[in-house]
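**Q** Quick one: the structure is below, and I'll ask about it shortly.
No lab work stands behind these numbers, since they all come straight from the coordinates. If you're wondering where the values come from, they're calculated on a predicted model, not measured in any experiment. Here the Cβ positions follow ideal geometry from the backbone for every residue, glycine too, while neighbour counts run over all protein chains shown.
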Amino acid sequence: MTLIKLLLSVVLSFSMASCSRADDDFNAPLTLQIPKSTPGYQADPTHEKGDDAIYQTHGKLFSEGANATKLSDLPGATEPMATFKEIINSFGTKDPDVVKKFYDSEGAAALTKLTSDPQIRARWVAEAGRMGGGNLVAVIQIDTGTYYFLIKYPSSQGTLVPVPVLIRREGNAFLATSETISGQMIPNILMFLFNQPAEALAR
């Protein structure tokens with residue numbers, strides 16, 4: 001199992017309830033431009049114009065470098081940021097049994113299976129412990145009440161790894177979910193973020 005597949009299998013399998021208060025910070029219109037020459041780019045004819053893919057969406061991009069928004073400093077007063085912060089804090093325990101408390105039954109079962117292999121468990125613990133040292137680089141609103149939080153953190157391989165966390169409103173709560181949204185936008189954003197700062201996405 002590659003490092004990226006390991007990370008995605010862990011992060012994307014969250015399902016966790018929190019408060020019901022909504023945050024409107026991520027509803028601003030956002031135009032993203034991704035060159036088709038980006039390594040790992042997945043063809044997306046519906047959104048391609050010339051040499052780029054253009055995505056019209058909503059959300060917010062965060063600065064990197066000296067002005068980076070550190071995960072350890074995130075405000076957690078409103079949703080969906082409060083749910084996202086709790087997710088990051090749970091990773092900081094480096095204990096799968098603690099993290100599983102924030103999963104639904106399917107997510108907990110997936111994490112149990114993933115960490116049942118001692119070697120994979122050791123890698124999971126190492127990466128989970130590093131995630132809290134990362135930065136929030138973007139929040140993409142997929143639709144009303146559904147958000148992708150994109151982070152970059154320093155992996156054990158010495159590179160900054162972009163990882164998505166999908167959070168969705170369910171009734172009166174926000175939940176992180178293992179579902180993925182169809183389409184190539186998020187995969188192409190992640191490929192772009194391997195080599196470029198999030199600010200460079202803005203058109």
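**Q** What does the charge count near residue 201 come to, summing +1 for each Lys or Arg and -1 for each Asp or Glu among other residues with Cβ under 12 Å from its Cβ? Show your work: numbers first, answer last.
**A** Numbers: positive: 60, 203; negative: 52, 64, 199.
Neighbour charge sum, excluding residue 201 itself: -1.
**Q** Calculate one ³J(HN,Hα) per residue across region 158-166 by plugging θ = phi - 60° into the Karplus curve 6.51 cos²θ - 1.76 cosθ + 1.60, and present them in order as whole Hz with x for glycine and proline.
**A** Result, ordered by residue: x, 10, 7, 9, x, 9, x, 10, 9 Hz.
**Q** Tilt of helix 118-131 relative to the longest C-alpha principal axis of the chain, in degrees (0 to 90, nearest 10)?
**A** In the chain, helix 118-131 runs at an angle near 60 degrees to the longest axis.
**Q** Let me ask another. Between residue 157 and residue 63, what is the label-point separation in nm under the 7 Å Cα-to-beta-carbon projection?
**A** According to this spin-label approximation, the distance is 3.0 nm.
**Q** For volume of the Cα convex hull per residue in Å³, which listed value, [x] 152; [y] 118; [z] 163, comes from the coordinates shown?
**A** Given [x] 152; [y] 118; [z] 163, the calculated one carries the label [y].
**Q** Let me ask something else about it. For residue 152, go through the lysines and keep the ones whose alpha-carbon is under 20 Å away, minus same-chain ones fewer than eight residues off.
**A** Filter leaves 5, 60, 70, 85, 94.
**Q** May I pose another question? Take the Cα of residue 28, step 7 Å along the line toward its Cβ, and report every residue of region 59-103 whose backbone nitrogen sits under 12 Å from that point.
**A** 59-63
**Q** Give me the net charge of residue 55's neighbourhood, meaning all other residues with Cβ under 12 Å from the Cβ of residue 55; Lys, Arg count +1, Asp, Glu -1.
**A** Details: positive: 49, 203; negative: 44, 48, 52.
Net charge in that neighbourhood comes out at -1.
**Q** With θ taken as phi - 60° and the coefficients 6.51, -1.76 and 1.60, list the Karplus ³J(HN,Hα) couplings across region 71-76 in order, rounded to whole Hz; mark glycine and proline as x.
**A** Karplus values, whole Hz, x for Gly and Pro: 4, 5, 10, 5, x, x.
**Q** Hey, what angle do you get for helix 81-91 against the long axis of the chain, alpha-carbon based, 0 to 90 degrees rounded to 10?
**A** Taking Cα atoms only, the helix is inclined about 50 degrees.
**Q** List, in order, the whole-Hz ³J(HN,Hα) value for each residue of region 188-202 obtained from phi through the Karplus relation with A = 6.51, B = -1.76, C = 1.60 and θ = phi - 60°; use x for Gly and Pro.
**A** Rounded to whole hertz, the list is 6, 4, 4, 4, 4, 5, 4, 10, 9, x, 4, 4, 6, 6, 5.
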